[in-house]
Each structure stands twice: as structure tokens, then as C-alpha cells.
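> I have a structure I would like to understand better, so I am pasting it below and will then ask my questions one at a time.
The values are calculated or read from the model by the stated rules, or taken from the named source; none is laboratory data. None of these values were measured; they are calculated from a predicted model. Every residue, glycine among them, receives a Cβ derived from its backbone with ideal geometry; neighbour counts consider all protein chains shown.
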Amino acid sequence: MVSRDERIRDEIHRENQMYDLQLLSVQFDGLLRILDQDMTRKTVENGIGSAKGFGFGLLSLAPLKE
């Protein structure tokens, strides 16, 4: 379930050029079944998506409480 989404716009200046950035931040809440523990561990360590350099890509998991 998507619990929050937000479009973020900003400008970045590099080497005398301006770039218009548009990033979409989405938070998903729900249950995930893990089939490959090693791949999941690597994904949590490295983050997901292409905007990790801008603070995106966080993946946090918690054990299911019964």
C-alpha cells in the first residue's frame, strides 16, 4: 500500500549549468515475503533506485510481529 507520495522539484548548479530535478518520493507500507536473503541483505545495504545520491533509496525492514 502506498502510504505517502510526494513530487520534489529542485534546481542544481554544476559547472556553470543549471539542471531542473524532479524526483518522486514514495513510501510503501505492507508485508514482504523474502525469498532470497542474500539479495535482500545487499539491497538493504546499497539502497534502491537512481536517486540515492539525493537521499532517496532507503529500504527499511522489520520482522513480522504475530
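> Looking at the range 42-57, which of its residues are modelled with pLDDT of 85 or more and either loosely packed, with under 12 Cβ neighbours inside 10 Å or in a strand (DSSP E or B) (or both)?
LYS42, GLU45, ASN46
> Which condition number does ARG7 fail, the rest of (1) charged (D, E, K, R); (2) out of contact with any Phe, Trp or Tyr (no Cβ under 9 Å at 6 or more places or on another chain); (3) surrounded by 10 or more Cβ atoms within 10 Å (Cβ to Cβ) being met?
It fails just one condition, (3).
> Next question, about the same structure. If we keep just the residues of the range 11-31 that are part of a strand (DSSP E or B) and of a type in the set (Asp, Glu), which is modelled with the highest pLDDT? Even if it seems obvious, please write down each step before you answer.
Start the filter on the range 11-31 by keeping residues that are part of a strand (DSSP E or B), which leaves 11-14, 17-28.
After this cut, where a residue has to be of a type in the set (Asp, Glu) as well, the list is 11, 20.
Numbers: GLU11: 85, ASP20: 88.
So, considering only residues that are part of a strand (DSSP E or B) and of a type in the set (Asp, Glu), the one modelled with the highest pLDDT is ASP20.
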